[in-house]
1. Using a Gaussian network model of the chain whose springs link C-alpha atoms within less than 10 Å, name the residue from Phe232, Phe276, Phe87 with the highest mean-square fluctuation.
2. Let me know the Rg and Dmax you get for the chain when you use only its Cα atoms, in Å.
3. Given H placed on each backbone N at 1.01 Å, which residues far from Leu42 in sequence or on other chains put an amide H within less than 5 Å of it?
4. 222 nm [θ] for the chain, helices only, -39500 (n - 2.57) per DSSP H run of 4+, per residue, to 500?
5. Answer rounded, prolate or oblate for the range 1-61, using the Cα gyration tensor with square roots of eigenvalues a ≥ b ≥ c: rounded when a/c is under 1.5, else prolate when a/b is larger than b/c, else oblate.
6. Counting other beta carbons within 10 Å of each residue's own, what order do Val233, Val98, Val60 fall into, fewest first?
7. Counting only residues 5 or more places away or on other chains, whose amide H sits under 5 Å from the amide H of Phe19 once H atoms are built in the peptide plane?
8. Restrict the search to the range 145-192; then list the trypsin sites (Lys or Arg not before Pro) that DSSP places in a loop and that have at most 11 other Cβ atoms within 10 Å of their Cβ.
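No lab work stands behind these numbers, since they all come straight from the coordinates. On a predicted model such as this, the values are computed, not experimentally measured, just so you know. Reconstructed Cβ throughout: ideal geometry from the backbone, glycine too, with neighbour counts over all protein chains shown.
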Amino acid sequence: MDKANVNDFRRWKREGQPFATLTAYDAPSARMCAAAEIPLILVGDSVSNVVLGYDDTRPVTMDEMIHHTKAVRRGAPQTFVVGDLPFMSYQVSPEEAVVNAGRFVKECRVDAVKLEGGSAVVPAIERIVAAGIPVMGHLGLLPQTAAMQQGGMRVQGTDAEAAITLVAEAKALVAAGIFAVVLECIPQELAKIITAEIPVPTIGIGAGPDCDGQILVLHDMLGIESGYQPRFVRRYAEIEDAMVAAMRSYARDVQERGFPNEKESFHMPDEELSRFGEKRGIRETGGTRDGGTNSE
Ligand code: KIV
């Protein structure tokens with residue numbers, strides 16, 4: 001598959017062709033996304049809680065995001081990669097926002113950056129876009145500030161006034177120059193209207209089936225997550241169960257001396273084994289041989 005670009009996402013919107021996107025945080029998962037022909041990978045700040053073990057997305061730093069995004073780029077050199085600007089990397093000033101967006105491009109070769117918020121982040125978006133870096137917006141539930149400003153992780157835009165505000169904010173982000181916007185946890189009726197009324201693709205997570213694209217957190221959809229699961233997550237596999245079962249089998253094999261076996265071990269050549277024994281003044285005996293050599 002050819003690498004997608006911002007024009008492809010717009011074309012898919014115009015053609016009514018929905019597209020699936022995913023988060024990834026390291027090289028192997030990025031490589032698997034590429035193998036599955038996922039056209040866009042978001043290195044989400046959800047790495048903070050999903051991978052780094054923090055309670056929410058706020059603690060992850062710009063340096064940590066760079067570290068993970070570099071790994072994703074190495075794993076998927078031919079995929080459109082979006083770097084997620086972490087909490088407090090773009091709120092202080094548009095200048096700081098563009099410096100951090102620029103770090104993602106220069107150090108990780110991302111294709112775009114994402115940031116959360118409505119009209120408050122318009123100056124930052126304008127500054128980053130003016131520097132030539134594509135920006136993805138993020139409206140609805142805003143995980144970086146949800147606990148402080150949105151009453152926790154809950155559906156947004158459920159009353160008429162809030163819905164009107166969200167439509168206006170989506171249009172303000174478009175005017176500022178975004179190429180796409182994530183709509184998180186909003187009623188599907190509202191997502192449908194925003195999708196119809198803006199020219200850039202909407203990418204939904206908990207926003208119903210009418211968005212131009214969808215995104216899921218990789219570990220949620222693969223079932224590598226035993227904690228709370230939002231209702232919008234569909235689990236396509238139970239990888240955590242499979243991994244724990246594999247670890248148990250390995251531990252049992254080791255305890256029963258079933259691992260490693262003959263094929264998984266190496267031997268000294270007979271001659272060296274006897275010389276070794278002579279040097280130690282005892283007769284060394286080898287194990288069962290299958291003709292394997294040390295270099296295999
Ligand atoms: O960080 C993240 O994983 C995200 C997605 C929920 C869109 O922002």
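1. Highest fluctuation of the listed residues: Phe276.
2. In order Rg, Dmax, the Cα atoms of the chain give 25.1, 90 Å.
3. Leu22, Thr23, Ala24, Val82
4. Rounded to the nearest 500, the figure is -12500 deg cm²/dmol.
5. Prolate, since a/c reaches 1.5 and a/b exceeds b/c.
6. Values: Val233 17, Val98 20, Val60 24.
Ascending number of Cβ neighbours within 10 Å: Val233, Val98, Val60.
7. For Phe19, whose amide H was placed from the backbone, the distant partners under 5 Å are Gly213, Gln214.
8. For trypsin sites (Lys or Arg not before Pro) across the range 145-192 that sit outside H, G, I, E and B with at most 11 neighbouring Cβ atoms in 10 Å, the list reads Arg154.
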